[in-house]
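Enquirer: Before we start, here is the structure in question, set down as structure tokens.
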Amino acid sequence: MTYLHSIGEYFLMLKGVFGRMTKGSVLKNLIFKEINELIMGSLGIVSFLSFFIGAVIAIQTALNLNNPLIPKSLVAFAARQSIILEFAPTFISIIMAGKVGSFITSSIGSMRVTEQIDALEVMGINSKNYLIFPKIIAMLTYPCVIAISMFLGIAGAYCAAVFGGFVTSDQFLTGLQDDFDGFHLTYAFIKTFLFSFILATVPSYHGYYMKGGALEVGEASTTSFVWTSVVLIVTNYLVTQLLLS
Amino acid sequence: MIQVKDLHKGFNEQEVLKGINYTFEKGKTNLIIGQSGSGKSVFLKCMLGLFKADKGTIEYDGKPYSTFSDEEQRELRTEMGMLFQGGALFDSMTVEENVMFPLTMFTRQRKGEMLKRVHEVLERVNLEGTGNKMPSEISGGMQKRVAIARAIVNKPKYLFCDEPNSGLDPQTATVIDNLIMELTHENDITTVLITHDMNSVLEIGERIAFLKEGVLAWKGTKDEIFNTEDEAVTDFVYSSNLFQKVRKAQQQGM
């Protein structure tokens, strides 16, 4: 029953988010602020992780290719497929659930604890729209982060595979282009758009409806990370089932 | 003026407010006092529209809140100023931005005009020169004064204060009390103030409502509270050493 109540509350929150809109000029500033905090602030860690995980994928694949009948170009093929299909959209989103999600939950939760949300409501402002809508719009730029992650992941794989002496540059580039299906990119970005909505709204829900004090803000952030990850993984399964099977 | 008629509010079958009738007068500081759990905050939140009453009406200048359209409700809220217990300043904004916030949201004034009004109000609460500071960089008393400035910047008709003195030293608390009373008189505002602070009752209690277990147990002025024989009020009020001393002094004719 608690879960059903929470799911109902989440959808009612979404209804409120798209209800009475905040003044346009204010909203514009809030969206740019959120892009800066949520997206630009995540580029560093996403770039770092993508490059090195891409490199590890290439090394692991190369080390497991013992059969001389399997072409070395498979290293690039495997790295490309795993990075585009799963690593960049899903793995990075789970990392973002920890970084951005916790930030969203704790910032909204702190506002709840310190009565700042009540202050907005008393002033006649739709607090759900004021706080959550700019985050949803800002997260629409999240696919750019995933595109960067894909690029750097493959770059990392190239560096590790070529400079590590596992394959030649030509072999890697051949494998990278081998049997490429453009729909895989479409699939990855459809997933990413859905994930961006989840990353903005599920943590916001946990922050907005939290009760208690500072300790509960911490608990809400942890719960938020767990539930955002669960929703991401389930959505990932459903979208994969619908689009690829 | 705010008129409350037969107000009931409960949570999970527990009735918190049990039929309150009271009138908060314009241009006066109307205090609500009572023990913790007596329903003061619920009462205030009902008046602010944060809680919906189960029964009864709240009239703002003669018009029941329940008959307000959505647009009228929004308009009414722009006429309300609220001072929260902890100040509730937006910690991502500077003092100036905090005070300017209601103007940014609800008026079409140019930035220059808004800034002029912000500086006027900051000057009124004796906080000139703090506009560029963040709330975390100023003291608790100053935060309360910024919150007062934010509450009055839009020239509200109603000012609500939830324990404005909590966490402040007596000297700063007196400054805040006096400021609230001066602003109430200057701008002819209907001020509703919840407090536990007996010093505030002595300083600014022009009209006092005493709540006990969700019922309006007593009402009167700061002068009348000394002479009341009502046991519930005397038990509460004379638990304060300050009141005991003041009464003793009165009895001795000092």
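Throughout, read-outs are computed from the coordinates displayed, never taken from laboratory work. From a predicted model like this one, the values you see are computed outputs, not experimental measurements. Reconstructed Cβ throughout: ideal geometry from the backbone, glycine too, with neighbour counts over all protein chains shown.
Enquirer: Evaluate the charge dipole of segment A:87-179 about its Cα centre and quote only its size in Debye, nearest 20, assuming +1 on the Cβ of each Lys and Arg and -1 on the Cβ of each Asp and Glu.
Expert: Roughly 280 debye, rounded to the nearest 20.
Enquirer: If I model a spin label at A:His5 and A:Glu219 as a point 7 Å from the Cα along the Cα→Cβ vector, what separation in nanometres do I get?
Expert: For the pair A:His5/A:Glu219, the computed spacing is 1.4 nm.
Enquirer: If you line up the long axis of helix A:142-158 against the longest principal axis of chain A, both from Cα atoms, how many degrees apart are they, to the nearest 10?
Expert: It is inclined by approximately 20 degrees.
Enquirer: While we're here: Determine, from the Cβ-Cβ distance of A:Leu43 and B:Thr23 and an R0 of 45 Å, the FRET efficiency 1/(1 + (r/R0)^6), rounded to the nearest 0.05.
Expert: That pair, A:Leu43 with B:Thr23, gives E of 0.15.
Enquirer: What do you get for the angle between helix A:2-17 and the principal long axis of chain A? Use alpha-carbon atoms, 0 to 90 degrees, nearest ten.
Expert: In chain A, helix A:2-17 runs at an angle near 80 degrees to the longest axis.
Enquirer: Put a dot 7 Å past each Cα toward the Cβ at A:Asp170 and B:Gln109; how far apart are the dots in nm?
Expert: 7.4 nm
Enquirer: Residue by residue, what Karplus-based ³J(HN,Hα) values in Hz, rounded to whole numbers, does segment A:61-71 have, using 6.51, -1.76 and 1.60 with θ = phi - 60° and x for Gly and Pro?
Expert: Going residue by residue, I get 5, 4, 5, 9, 8, 8, 6, x, 7, 8, x Hz, with x marking Gly and Pro.
Enquirer: Counting each DSSP H run of 4 or more residues in chain A as -39500 (n - 2.57), what helix-only mean residue ellipticity at 222 nm follows after dividing by all residues, to the nearest 500 deg cm²/dmol?
Expert: Theoretical 222 nm ellipticity from helices: -23500 deg cm²/dmol.
Enquirer: Place a +1 charge on the Cβ of each Lys and Arg in chain A and a -1 charge on the Cβ of each Asp and Glu, then give the dipole magnitude about the Cα centre in debye, rounded to the nearest 20.
Expert: 440 debye
Enquirer: Per-residue HN-Hα couplings for segment A:129-138, Karplus 6.51 cos²θ - 1.76 cosθ + 1.60 at θ = phi - 60°, whole Hz, x for Gly and Pro?
Expert: For segment A:129-138, the Karplus curve yields 5, 4, 8, 9, 4, x, 5, 5, 5, 4 Hz.
Enquirer: Further question: In nm, give the distance between the simple-model label positions of B:Lys133 and A:Ile148, each being 7 Å from the Cα along the Cα-to-Cβ direction.
Expert: So the label points at B:Lys133 and A:Ile148 sit 3.7 nm apart.
Enquirer: Hey, another quick one. Using the Cα gyration tensor of chain B, with a ≥ b ≥ c the square roots of its eigenvalues, what is the shape: rounded (a/c below 1.5), prolate (a/b larger than b/c) or oblate (neither)?
Expert: Judged from the Cα gyration tensor, chain B comes out oblate (a/c at least 1.5, b/c at or above a/b).
Enquirer: In degrees, nearest 10, range 0 to 90: what is the angle between the Cα axis of helix B:241-251 and the longest Cα principal axis of chain B?
Expert: 60 degrees
Enquirer: Going by Cα centres, segment A:1-59 and segment A:153-194 are how many Å apart?
Expert: Taking the Cα centre of each part, segment A:1-59 and segment A:153-194 sit 27 Å apart.
Enquirer: Enter the mean number of other protein chain beta carbons within 10 Å of the beta carbon of each residue in A:112-122, as an integer.
Expert: For peptide A:112-122, the averaged partner shielding equals 6.
Enquirer: Let me ask something else. Through the Karplus equation 6.51 cos²θ - 1.76 cosθ + 1.60, θ set to phi - 60°, convert the phi angles of segment B:20-27 into ³J(HN,Hα) values in whole Hz; use x for Gly and Pro.
Expert: Ordered by residue, 3J(HN,Hα) equals 8, 10, 6, 10, 8, 7, 6, x Hz.
Enquirer: Using the C-alpha gyration tensor of segment A:164-244, what are the square roots of 5 times its eigenvalues, in whole angstrom, with the largest one first?
Expert: Listed largest to smallest, the semi-axes of segment A:164-244 are 39, 17, 9 Å.
Enquirer: Taking the Cα centre of the protein assembly as shown as the origin and placing charges on Cβ (Lys, Arg +1; Asp, Glu -1), which of A:Ala220, A:Val145, B:Gly167 is farthest toward the positive end of the dipole?
Expert: Value: A:Val145.
Enquirer: Moving to a separate point now. Grab the alpha carbons of segment B:1-40, take their convex hull, and tell me the volume per residue in Å³.
Expert: Normalising the Cα hull of segment B:1-40 by residue number yields 64 Å³.
Enquirer: Further, regarding this structure: For the protein assembly as shown, what is the percent of antiparallel DSSP beta bridges, rounded to the nearest 5?
Expert: Antiparallel: roughly 55 percent of the beta bridges in the protein assembly as shown.
Enquirer: While we're here: B:Asn227 to B:Lys245: extension gain in nm, 0.36 nm per residue of separation minus the Cα-Cα distance?
Expert: That works out to 5.1 nm of additional length.
Enquirer: Just for the Cα atoms in segment A:1-151, what are the lengths along the principal axes, largest first, rounded to whole Å?
Expert: 72, 40, 24
Enquirer: Here's something else I'd like to know. Estimate the FRET efficiency between A:Leu65 and A:Cys159 by the formula 1/(1 + (r/R0)^6), using the beta-carbon distance for r and 25 Å for R0, to the nearest 0.05.
Expert: Between A:Leu65 and A:Cys159 the formula returns 0.85.
Enquirer: Ok, one more. Using alpha carbon coordinates only, what is the Rg to Rh ratio of the protein assembly as shown, with Rh defined as the Kirkwood radius?
Expert: A ratio of 1.13.
Enquirer: Something else about it: For a quick check: with amide H placed at 1.01 Å from N, whose amide H comes under 5 Å from B:Ala217's, ignoring anything fewer than 5 positions away on the same chain?
Expert: HN-HN under 5 Å from B:Ala217: B:Phe210, B:Leu211, B:Lys212.
Enquirer: Let me know the charge dipole size of segment A:24-159 about its Cα centre in debye, to the nearest 20, where only the beta-carbon of Lys, Arg (+1) and Asp, Glu (-1) is charged.
Expert: Here segment A:24-159 has a charge dipole of around 320 debye.
Enquirer: Quick one: net charge around B:Gln143, please, counting Lys, Arg +1 and Asp, Glu -1 for every other residue with C-beta under 15 Å from its C-beta.
Expert: -4
Enquirer: Can you give the log10 of the normalised intensity I(q)/I(0) at q = 0.11 Å⁻¹, computed with Debye over equal Cα scatterers of segment B:90-230?
Expert: -0.46
Enquirer: What residues have an amide H closer than 5 Å to that of B:Ile32, excluding those fewer than 5 places away on the same chain, when H is modeled at 1.01 Å from N in the peptide plane?
Expert: B:Leu193, B:Ile194, B:Thr195, B:Ala209
Enquirer: Using the beta-carbon distance between A:Tyr237 and A:Ser25 and R0 = 56 Å, what value does 1/(1 + (r/R0)^6) give for FRET efficiency, to the nearest 0.05?
Expert: My answer for the efficiency is 0.85.
Enquirer: From the helices alone, meaning DSSP H stretches of at least four residues, give me the mean residue ellipticity at 222 nm for chain B, per-run term -39500 (n - 2.57), in deg cm²/dmol to the nearest 500.
Expert: Mean residue ellipticity, 222 nm, calculated: -12500 deg cm²/dmol.
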